[in-house]
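**Student:** What follows is a structure written as structure tokens; I'll ask about it next.
The values are calculated or read from the model by the stated rules, or taken from the named source; none is laboratory data. Quantities reported herein were computed from a predicted structural model and do not represent experimental measurements. So basically every Cβ, Gly included, is an ideal-geometry build from the backbone, and we count neighbours across all protein chains shown. With ligands, DNA and RNA removed, areas are computed over all heavy atoms of the protein, side chains included. Shrake-Rupley method; radii C 1.70, N 1.55, O 1.52, S 1.80 Å.
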Amino acid sequence: LMKKIVTLLLVLALTVSLGFAEGQGEGKGPIKIGLSFSDFATERWPVEAALMTDLGNKAGAQVISQVANHDAKLQNDQIENMVLQGVDVIIIVAEDGAACATAVDQAAEAGIPCIAYDRLIKSSKLAAYISFNNVEVGRQQARGVLAVKNKGRFVMLGGSPTDNNAILFRQGQMEMVQPLVDSGDITIVADQWVDNWDPANALKIMENVLTAQKNQVDAVVASNDGTAGGAIQALKAQGLAGGKVPISGQDATAAGCKAIVEGDLTMTVYKDVRLLSPMAIDMAMKMAKGETVPGLKNYTLAELTLEDSLKGSVPCKFLDVVQVDKSNVYDVVIKSGFQKWEEVYKDIPERSEERRVGKECRSRWSP
């Protein structure tokens, strides 16, 4: 009996010892990465959640993912819960960049680094903010529309006012548009923001604008493919689609690219998120291990948000973007595998010029 007791005590001591080792230093077990998403209604977020989860698992990390369904308070609660679960680092797509600062500050106080993924969080305690050149996105959207129509009555259709990116897109758009407003060539007849980037909201806004302007609209600078899609629905109902009113987009979604080859959407901005997701996971793994992350550059919150009242700075890294229209949608988006040929060209009439061009491109570049 005594031998059994001694054996049990030795096993217990070894278990406690191993358990302590797993929670400390190099031997603490798998790194835990938290993924916090604003929503999964936006086409790209569930795709990137799956990609980052896979990349994290392949890197040997445990990945915990949660989605807030456009509820800023819920997102903060979820981030707090991740901290309590003992995550080592959190990657956040914020629903509200201002509201989420509270959760980031609390996580930082607990020693948990937070990475703002593609949407800025207004906290100087962020470990990093990674995104694309969002001002340039806005410039390219405006350039794409202005290449088709540089005079007349313009509608500015912004994104969600709680998303700092929407502000930066607008900054870039107005850099291109404002000089033509000042010269009298362009009149902005409507300037609206679209809550939650919701296409249904964009549809309602555009319907109201067309009614108020008696369909006298010459161009729409929309801030992503979803809001552009809602606007296109309203334009179609009034016989103004098919290129009659040029309209911009962003994200090179399957629906957006399809609208381009069909002639309804003038252009989109291609942001290769397949580069952003691996960068986020690589950065998270380095931070969790206490390693230095190369390639970051500090920007002040004031210059990132255009709010002079905000103090402090954030380490950032921004990727380049590419303007896409009918002339290069195959070469840039489909050839790279970002979207599938079948998704973009489905339902396109077999003998149409658009399908012929698409087939020629696929034949030319297929291995």
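**Student:** Out of (1) open to solvent by 20 Å² or more (accessible area, probe 1.4 Å); (2) modelled with pLDDT of 95 or more, what's the single condition that is false for residue 275?
**Tutor:** (2)
**Student:** Could you list, in sequence order, the residues of the range 202-214 that are over 30 Å from residue 38 (Cβ atoms) and either in contact with a helix residue (DSSP H, G or I) (Cβ under 7 Å, 6 or more places away or on another chain) or open to solvent by 50 Å² or more (accessible area, probe 1.4 Å) (or both)?
**Tutor:** In the first step, residues of the range 202-214 are kept if they are over 30 Å from residue 38 (Cβ atoms); the result is 211-214.
Those that are over 30 Å from residue 38 (Cβ atoms) and either in contact with a helix residue (DSSP H, G or I) (Cβ under 7 Å, 6 or more places away or on another chain) or open to solvent by 50 Å² or more (accessible area, probe 1.4 Å) (or both): 211, 212, 214.
**Student:** Pick from the range 43-78 the residues that are β-branched (Val, Ile, Thr) and outside any strand (DSSP E or B): which of them is modelled with the highest pLDDT? Write out each step before concluding.
**Tutor:** Initially, the range 43-78 is screened for residues β-branched (Val, Ile, Thr), giving 47, 53, 63-64, 67.
Now restrict to residues that are outside any strand (DSSP E or B): 47, 53.
Numbers: 47: 90, 53: 97.
Looking at residues that are β-branched (Val, Ile, Thr) and outside any strand (DSSP E or B), I get 53.
**Student:** Checking residue 160 against (1) open to solvent by 20 Å² or more (accessible area, probe 1.4 Å); (2) without any contact (Cβ under 8 Å) to a residue 40 or more places away in the chain, which test does it fail?
**Tutor:** All conditions are met except number (1).
**Student:** Scan the range 255-277 residue by residue and report those that are part of a loop (DSSP other than H, G, I, E, B) and either touching a His at 6+ places or on another chain (Cβ under 8 Å) or among the basic types (Lys, Arg) (or both).
**Tutor:** First, the residues of the range 255-277 that are part of a loop (DSSP other than H, G, I, E, B): 263-266, 271-272.
Answer for the range 255-277, where residues must be part of a loop (DSSP other than H, G, I, E, B) and either touching a His at 6+ places or on another chain (Cβ under 8 Å) or among the basic types (Lys, Arg) (or both): just 271.
**Student:** Sticking with this one: Go through the range 32-47 residue by residue and tally those that are open to solvent by less than 50 Å² (accessible area, probe 1.4 Å) and in contact with a strand residue (DSSP E or B) (Cβ under 7 Å, 6 or more places away or on another chain).
**Tutor:** Residues meeting the conditions: 8.
**Student:** Out of the residues in the range 280-304 that are within 20 Å of the chain's Cα centre (by Cα) and surrounded by 19 or more Cβ atoms within 10 Å (Cβ to Cβ), which is farthest from residue 333 (Cα to Cα)?
**Tutor:** 301
**Student:** Name every residue in the range 48-69 that is within 10 Å of residue 30 (Cβ to Cβ) and open to solvent by 60 Å² or more (accessible area, probe 1.4 Å), in order of residue number.
**Tutor:** 57, 62, listed by residue number.
**Student:** Taking residue 291 as the residue in question, decide whether it is part of a loop (DSSP other than H, G, I, E, B) and out of contact with any Cys (no Cβ under 6 Å at 6 or more places or on another chain). Can you show your working first?
**Tutor:** Numbers: part of a loop (DSSP other than H, G, I, E, B): yes; out of contact with any Cys (no Cβ under 6 Å at 6 or more places or on another chain): yes.
So residue 291 passes the test.
**Student:** Restricting attention to the range 137-156, which residues are open to solvent by 40 Å² or more (accessible area, probe 1.4 Å) and touching an Asp or Glu at 6+ places or on another chain (Cβ under 9 Å)?
**Tutor:** As a first pass, look at the range 137-156 and keep what is open to solvent by 40 Å² or more (accessible area, probe 1.4 Å): 139, 143, 147-151, 153.
The answer is 139, 147, 149, 150, 151, 153.
**Student:** Moving to a separate point now. Please identify the pairs in which a residue from the range 173-197 that is in a helix (DSSP H, G or I) has its Cβ atom under 7 Å from the Cβ atom of a residue that is open to solvent by 70 Å² or more (accessible area, probe 1.4 Å), counting only partners at least 6 apart or on another chain.
**Tutor:** These pairs meet every condition: 176/143; 180/150.
**Student:** Also, I was wondering about something else. Residues being assigned to a loop (DSSP other than H, G, I, E, B), among the hydrophobic types (A, V, I, L, M, F, W, C) and open to solvent by 10 Å² or more (accessible area, probe 1.4 Å): count how many of those fall in the range 79-125. Don't jump to the end; show me each part of the working.
**Tutor:** Taking the range 79-125 first, the residues assigned to a loop (DSSP other than H, G, I, E, B) are 85-88, 94-99, 110-113, 118-125.
Then keep just the ones that are among the hydrophobic types (A, V, I, L, M, F, W, C); that gives 87, 94, 98-99, 110, 112, 120-121.
Among the residues that remain, those that are also open to solvent by 10 Å² or more (accessible area, probe 1.4 Å) are: 98-99, 110, 112.
Result for the range 79-125: 4.
**Student:** Another question, if that's okay. Taking the range 180-201 as the search range and keeping residues that are over 14 Å from residue 219 (Cα atoms) and open to solvent by less than 40 Å² (accessible area, probe 1.4 Å), which one is nearest to the chain's Cα centre (by Cα)?
**Tutor:** 197
**Student:** Kindly indicate the residue of the range 206-226 that is assigned to a strand (DSSP E or B) and among the β-branched types (Val, Ile, Thr) and also nearest to residue 171 (Cα to Cα) among those meeting that condition.
**Tutor:** Step one: list which residues in the range 206-226 are assigned to a strand (DSSP E or B), which gives 219-222.
Retained after the next criterion (residues that are among the β-branched types (Val, Ile, Thr)): 220-221.
Values: 220: 16, 221: 12 Å.
So, considering only residues that are assigned to a strand (DSSP E or B) and among the β-branched types (Val, Ile, Thr), the one nearest to residue 171 (Cα to Cα) is 221.
**Student:** Would you please name the residue that is farthest from residue 138 (Cα to Cα), looking only at residues in the range 227-254 that are part of a helix (DSSP H, G or I), open to solvent by 10 Å² or more (accessible area, probe 1.4 Å) and modelled with pLDDT of 95 or more?
**Tutor:** Kept after step one, since they are part of a helix (DSSP H, G or I), are these residues of the range 227-254: 227-237, 254.
This time we only want the ones that are open to solvent by 10 Å² or more (accessible area, probe 1.4 Å), so: 229, 232-233, 236-237, 254.
Cutting the leftovers down to modelled with pLDDT of 95 or more gives us 229, 232-233, 236-237.
On the way: 229: 17, 232: 19, 233: 22, 236: 25, 237: 27 Å.
Out of the qualifying residues, it is 237.
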